[in-house]
Each structure stands twice: as structure tokens, then as C-alpha cells.
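Peer 1: Have a look at this one before I ask anything.
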Amino acid sequence: MNYAGRLTIDNKDAFTYFGVFVERWGYKALIQMPPFKNPDSTEWEEYDGAEYDLEDPVLDAKTFQMQFCVTNVTQVSDLFFLLSDKSYHIFNFVELGRSFKLRLSQNSTISSKVSLGKFTISLVDDFPPIRYQAGMSNAILNQEFPRVLNVQPYETSVIKMNVGYDLDDVDFGRLGVNILDGTNQNILKSPNVRENLKVSIKGRSGVEYDDENVFYKPRDVQMKLLIHADDITDFWHRYDSLFTALIQPETRSILSWGVAMEYECFYKNCQITKFDILNNGHVWCEFTLTLTFVADRPVETEWLLASEDMEWILTEENENFVLLDKNR
């Protein structure tokens, strides 16, 4: 198989010059969205969860490992010589349709059989995507690094898929994202209890514990997601529209129609478990999205009347939901 033209480093074809190409499934860590920089937070004793400063959230830099194959192990030193002449280098991944400005962090030993070998290097991406803001200068909008995220969801006529989860009142289906098994179970888990004041006195059995109220800590919830796109352009539209919504200021709203619950949350990090460009050009990407639910506590189940198309039935005044008595 000819791997020429799939990757260039500083405009040099990696396969032609160095005999190097990306190992299959080697793109996972590269395209994985960086985590949020940890926002300042405050916990109040009389409230559940925590209060977070999300007025101007930003993504952090990312250090990741990437696996390569080499047709002639003696050529690897030439690659490292190129990566050592300055800090930053432009990696153009043609299959992905994207370039990244990366720097070398460290390299590992090479495993080889005859002349064919594999090696892993650690790279750093110091230029995470930034969100679009009104009034941004053309100098920022037109530069390649960092990338400005301003991708909108698909129109309802384009993606006809309803997955039962809303992100800020937009169904994940309009983002082109499917929900995988395990997400419901993770969301339904109860948060941990925040411990109240307790006093332990020497010479007295047990402890004295403030039992007046029970409050809960914030919790991290993993959503297991899938993007199955027709091609790499379609994949980036789906992927970027999701993260355009997630990195906006303040908290986000996640509504689960399956449990009829809405949660206040914000993006924490992402982990891609599988990324593959299939022979027909389709892209298959499975990933776990970690969200921090800021204030959450168990509640009693309420049964509300809804129509067949999942619209709530309201009273004549169009103000109140119709509450059902589950005991009848």
C-alpha cells in the first residue's frame, strides 16, 4: 500500500522522505478535544454542588502520544533531526483534512523486525480551539492556529434523528451524534454526599454528627457517544458543532427524555476510544464525554402527561404540566 501523500511535516512528505506513516487507529489522541482549564470554584455549606467561574472558559494545551510505522528504521533519525531544528512544526494530515501545529515532547524506543518498525512519540498541541466571539478581528478569524469554533447544528431537515437527549434544547441528533449504551446508567447514578460537621471527642464512643441537612457534591458524568459520518468533512461538522456548543460561557443544560430530568453542567474532558476511516470513506468515532454536573440531588419521580411525539401536555392556560397520580 502506498502511504505517500497522507502526511507532510513542514511540507515534506513523511513517507517519501522518512518512510513514516501513521499506524491504523493512530489518530485517536490527535483529534481528541483538550480538556477545560480547571475553573475556580466555591462550595457553600448550605447548597448542593458548587459554584464555578465559567464566565470565560478556555481549553487547555494537550500532550499526547502518537504511533507511527516506518519502512526503514535507519530513516527515523532523519525525522528526529527535522523535529529538533525548532520547536513547532506543521503536521498536515491529508486523510483528516486538517493541519496541526505541534512540538516534540519526547520519543520512545523503536521496535523493529528486519527493517520495518514502529515507534511512539509524545507531541504537544499548544493551540487548542477557541470559541467564536462577536467582534473578533479578521486577523484572528483568518489564522490557521488556533482554530475558531463556530459550527452550528444541522437543520432538522438534514439530520432526521432523535436520540432522546438535548444539549441546550438542541437534540444530539441535530449535532449528528448518537448516544451509546451506558450513558443512562451513568446519568442516573446519585451524587456523593458532602460530609457535614462532625466532632470526635477522646474518651467518648463514636462521633457527634450534624444531622440537620444532607447536601451533595458535584459529580462527573460520562456520556458515551458515537459519530458515524459519511466522510471526513461530515465528521468535522458533527464533531465541531458539538464542541462549539460545549465551550460556551456559563453552564450548559442536558435534558434526558428517558428519565425526564434536566441537569446543569459544563464540559470537563473528552476521551476517544475508537476512530477509524473505513474503506468506503465513512468515519466511525466512539468517544466518552465527561461533564461536571454542578448541583444535583436525588428527587422523587413525577409522572407527566405527554403526547406520542414527546411533547408535554399543558393546561388550558399553557403554563402548567399535567401531573399524573402514579398510585391510581
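Peer 1: Which value, in debye to the nearest 20, describes the size of the charge dipole of the chain about its Cα centre when Lys and Arg Cβ atoms bear +1, Asp and Glu Cβ atoms bear -1, and nothing else is charged?
Peer 2: Values: 31 positive and 50 negative charges, 460 e Å.
So the dipole magnitude of the chain works out to roughly 2200 debye.
Peer 1: In whole percent, and with a 1.4 Å probe on the protein chains, what portion of the accessible area of the chain is carbon and sulfur?
Peer 2: Working: 8950 of 19070 Å².
It is 47 percent, rounded to a whole number.
Peer 1: How large is the dipole of the stretch 202-258 about the Cα centre if only Lys and Arg carry +1 and Asp and Glu carry -1, each at its Cβ, rounded to the nearest 20 debye?
Peer 2: Dipole size: approximately 300 debye.
Peer 1: Spin-label point model (7 Å from Cα, Cβ direction): what's the VAL193 to LEU226 distance in nm?
Peer 2: Those two pseudo-labels are separated by 3.9 nm.
Peer 1: Let me ask something else about it. Give me the net charge for the shell around LYS198: Cβ to Cβ below 11 angstrom, other residues only, Lys and Arg +1, Asp and Glu -1.
Peer 2: The answer is -4.
Peer 1: Once you list every other residue whose beta carbon is under 11 Å from the beta carbon of GLU144, what net charge do they have if Lys and Arg are +1 and Asp and Glu are -1? Please report the intermediate quantities before stating the final value.
Peer 2: Numbers: positive: ARG98, LYS101, ARG147; negative: none.
The answer is +3.
Peer 1: Right, next: What is the packing order of peptides 66-73, 84-91, taking the mean over residues of other C-beta atoms within 10 Å and listing the highest first?
Peer 2: The peptides rank, most packed first, as 66-73, 84-91.
Peer 1: Provide the net charge surrounding ARG219, with neighbours chosen by a C-beta distance below 10 Å and charges set as Lys +1, Arg +1, Asp -1, Glu -1.
Peer 2: Counting the neighbours of ARG219, the net charge comes to 0.
Peer 1: While we're here: How high is the FRET efficiency from TRP312 to GLU144, r the C-beta distance, R0 41 Å, rounded to 0.05? Let's see the in-between values first.
Peer 2: Numbers: r = 46 Å, r/R0 = 1.11.
Taking R0 as 41 Å, the efficiency between TRP312 and GLU144 is 0.35.
Peer 1: Keeping every protein chain present and rolling a 1.4 Å probe, give me the accessible area per residue for the stretch 67-221 in Å².
Peer 2: Each residue of the stretch 67-221 exposes 60 Å² on average to a 1.4 Å probe.
Peer 1: Name the lysines eligible as straight-distance cross-link partners of LYS268: C-alpha to C-alpha under 24 Å, and not fewer than 8 places from it in the same chain.
Peer 2: By straight Cα distance, LYS268 reaches LYS28, LYS37, LYS62, LYS101, LYS189, LYS217, LYS224.
Peer 1: Which residue, PRO39, PRO191, PRO57, has the most motion in a Gaussian network model of the chain that connects Cα atoms within less than 10 Å?
Peer 2: PRO39
Peer 1: Work out from phi, with θ = phi - 60° and the Karplus expression 6.51 cos²θ - 1.76 cosθ + 1.60, the ³J(HN,Hα) of each residue of the stretch 163-168, listed in order in whole Hz, and give x for Gly and Pro.
Peer 2: Coupling constants for the stretch 163-168: 9, x, 10, 10, 10, 6 Hz.
Peer 1: Label points 7 Å out from Cα along the Cβ direction at ASN162 and LYS101: separation in nm?
Peer 2: 4.5
Peer 1: Starting with the highest mean, order 156-165, 136-145 by the number of other Cβ atoms within 10 Å, averaged over the residues of each peptide. If you can, show how the numbers build up before the last one.
Peer 2: Values: 156-165: 14.4, 136-145: 10.3.
Ranking the peptides 156-165, 136-145 by packing returns 156-165, 136-145.
Peer 1: Skipping prolines and chain starts, which residues have an amide H placed within reach, meaning under 5 Å, of the one on VAL151, given they are 5 or more residues away or on another chain?
Peer 2: THR244
Peer 1: Working out 0.36 nm times the residue gap between ASP56 and PHE80, then minus their Cα-Cα distance, what length gain in nm do you get to one decimal?
Peer 2: Gain in length upon complete extension: 4.8 nm.
Peer 1: Can you match P(r) over Cα pairs in 20 Å bins from 0, in percent to one of these, (1) 25, 48, 22, 5; (2) 35, 59, 6; (3) 26, 48, 24, 2, based on a calculation from the structure here?
Peer 2: Structure-derived value, by its label: (1).
Peer 1: Compute the helix-to-body angle for 232-246: its Cα long axis versus the longest principal axis of the chain, expressed 0 to 90° and rounded to tens.
Peer 2: 40
Peer 1: Using a Gaussian network for the chain with springs between C-alpha atoms less than 10 Å apart, which of these wobbles most: SER99, SER253, SER307?
Peer 2: The residue with the greatest mean-square fluctuation here is SER307.
Peer 1: Could you work out how far the C-alpha centroid of the stretch 169-210 sits from that of the stretch 23-88, in angstrom?
Peer 2: 28
The values are calculated or read from the model by the stated rules, or taken from the named source; none is laboratory data. Because the structure is predicted, anything quoted here is derived from the model rather than measured. So basically every Cβ, Gly included, is an ideal-geometry build from the backbone, and we count neighbours across all protein chains shown. Accessible surface is based on the protein model in full, side chains and every heavy atom, while ligands, DNA and RNA are left aside. Shrake-Rupley method; radii C 1.70, N 1.55, O 1.52, S 1.80 Å.
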